[in-house]
1. Going residue by residue through the range 80-100, is there one that turns out to be over 20 Å from GLU214 (Cα atoms) and touching a residue at least 24 places away in the same chain (Cβ under 8 Å)?
2. Any idea which of VAL201, VAL181 is at negative phi, part of a loop (DSSP other than H, G, I, E, B) and not assigned by TED's automatic domain parsing to the domain that holds ALA53?
3. Does ARG14 satisfy the criteria of being loosely packed, with under 13 Cβ neighbours inside 10 Å, touching a residue at least 12 places away in the same chain (Cβ under 8 Å) and either assigned to a strand (DSSP E or B) or touching a Leu at 6+ places or on another chain (Cβ under 6 Å) (or both)?
4. Taking into account only those residues within the range 178-198 that are more than 19 Å from the chain's Cα centre (by Cα) and aliphatic (A, V, I, L, M), which is surrounded by the most Cβ atoms within 10 Å (Cβ to Cβ)?
5. Which pairs turn up if I take residues in the range 41-54 that are under 22 Å from PRO139 (Cα atoms) and in contact (Cβ under 8 Å) with a residue 24 or more places away in the chain and look for partners that are basic (Lys, Arg) and part of a loop (DSSP other than H, G, I, E, B) with beta carbon separation below 6 Å, at least 6 apart in sequence or on another chain?
6. Do we have ASP140 as out of contact with any helix residue (DSSP H, G or I) (no Cβ under 9 Å at 6 or more places or on another chain), assigned to a loop (DSSP other than H, G, I, E, B), within 24 Å of PHE18 (Cα to Cα) and acidic (Asp, Glu) here?
7. Quick check: is even one residue across the range 59-73 surrounded by 15 or more Cβ atoms within 10 Å (Cβ to Cβ), in a loop (DSSP other than H, G, I, E, B), free of Cβ contacts under 8 Å to residues at least 60 places away in the same chain and of a type outside the set (Lys, Arg)?
8. What is the residue count in the range 150-162 for residues that are surrounded by fewer than 24 Cβ atoms within 10 Å (Cβ to Cβ) and either outside the structural domain of GLY106 (by TED's automatic domain parsing) or within 18 Å of VAL181 (Cβ to Cβ) (or both)?
Amino acid sequence: MRYSNITPARFVRRPNRFIAEVEIDGRREIVHVKNTGRCRELLIEGCEVWLTAPDSPGRKTKYDLVAVRKSNGLLINIDSQAPNKVVAEWLAGRGYDKIIPEYRYGDSRIDFYMEKYPEKYLMEVKGCTLEVDGIGYFPDAPTERGVKHLRELAKAVDDGYRAAVAFAIQMDGIKEVRANVDMHAEFGVALEEARNAGVEVLFLECHVEPDSLEVIG
C-alpha cells in the first residue's frame, strides 16, 4: 500500500482526536489525523510526522497525518484505514477463490470473507500502533466493537467457518501483539475466549516507510 504523495512535518499539538496542528517549512497547518485512538505516546510536541494530501473535493483540511517517528526511533504508520488495505493486498496473493470485504455476518460487518474450496473463512483485521518494550499491544482505547467482532468470530467457528483475527503491526520489528488489558480488560477476555473457541490469531509483520505499508510476514 503506497501513498501517492508525502510531506514531512513537525507535530505541534492535537486539539481533539480528529485534527492536529503541525509545522511545515516554518508555517502552521491544521491537518486531519487518520486515527481516532489516543496515540499519546506517539504524538508528542516536536516529533517527526508525515502527511499525505488526498486532494478530495470538499475537504476542510489539505493533509492527512499518516505516520509518526516515535521517541525510540520506530517509524509507525497510524492510518486506521491502512490495515484493511494492506491485508487486502496480502490476501490477494494467498490463493483464495473469492475474497469479499465488509461481509455481513450475524450482527456485524466482518472485514473479509474468503473461500478456498471447500473451506469458508472470516477474518477481522486490527491495526496495532502501540508498542511497549518491543511488544505490540491492542487496543490503545476501549473498543466495544472489537469485543463484539471477536464474539462473532467465535460463533462463526461453531457455524463451520474458519475464522481469524489478524493484527496488522504498523511498525517494523514487532512480532507479537498482546491484549492491552490495562486499557480494556474485556477485550483481553474476549480474545482469549475466541482463541479457545478455535479462532486463529495472526500477527502480520509489516515494513513501514513514510509513504508505504507492506505485510512482510
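1. Let us first name the residues in the range 80-100 that are over 20 Å from GLU214 (Cα atoms), namely 97-98, 100.
Next cut, touching a residue at least 24 places away in the same chain (Cβ under 8 Å) only: none.
Looking for residues that are over 20 Å from GLU214 (Cα atoms) and touching a residue at least 24 places away in the same chain (Cβ under 8 Å), one finds none in the range 80-100, hence no.
2. Values: VAL201 fails: part of a loop (DSSP other than H, G, I, E, B).
Matching residue, one of VAL201, VAL181: VAL181.
3. On the way: loosely packed, with under 13 Cβ neighbours inside 10 Å: no; touching a residue at least 12 places away in the same chain (Cβ under 8 Å): yes; either assigned to a strand (DSSP E or B) or touching a Leu at 6+ places or on another chain (Cβ under 6 Å) (or both): yes.
Spelling it out, it is not the case that ARG14 is loosely packed, with under 13 Cβ neighbours inside 10 Å, touching a residue at least 12 places away in the same chain (Cβ under 8 Å) and either assigned to a strand (DSSP E or B) or touching a Leu at 6+ places or on another chain (Cβ under 6 Å) (or both).
4. Of all residues in the range 178-198, those more than 19 Å from the chain's Cα centre (by Cα) come to 182, 185-186, 189, 192-198.
From what is left, the residues that are aliphatic (A, V, I, L, M) are 185, 189, 194, 197.
Working: ALA185: 12, VAL189: 14, ALA194: 26, ALA197: 16.
Looking at the filtered set, the residue picked out is ALA194.
5. LEU42/LYS70
6. On the way: out of contact with any helix residue (DSSP H, G or I) (no Cβ under 9 Å at 6 or more places or on another chain): yes; assigned to a loop (DSSP other than H, G, I, E, B): yes; within 24 Å of PHE18 (Cα to Cα): yes; acidic (Asp, Glu): yes.
In short, yes.
7. Yes, the range 59-73 contains a residue that is surrounded by 15 or more Cβ atoms within 10 Å (Cβ to Cβ), in a loop (DSSP other than H, G, I, E, B), free of Cβ contacts under 8 Å to residues at least 60 places away in the same chain and of a type outside the set (Lys, Arg).
8. Residues in the range 150-162 being surrounded by fewer than 24 Cβ atoms within 10 Å (Cβ to Cβ) and either outside the structural domain of GLY106 (by TED's automatic domain parsing) or within 18 Å of VAL181 (Cβ to Cβ) (or both): 1 in total.
The values are calculated or read from the model by the stated rules, or taken from the named source; none is laboratory data. These figures come from a predicted structure and were not determined experimentally. Every residue, glycine among them, receives a Cβ derived from its backbone with ideal geometry; neighbour counts consider all protein chains shown.
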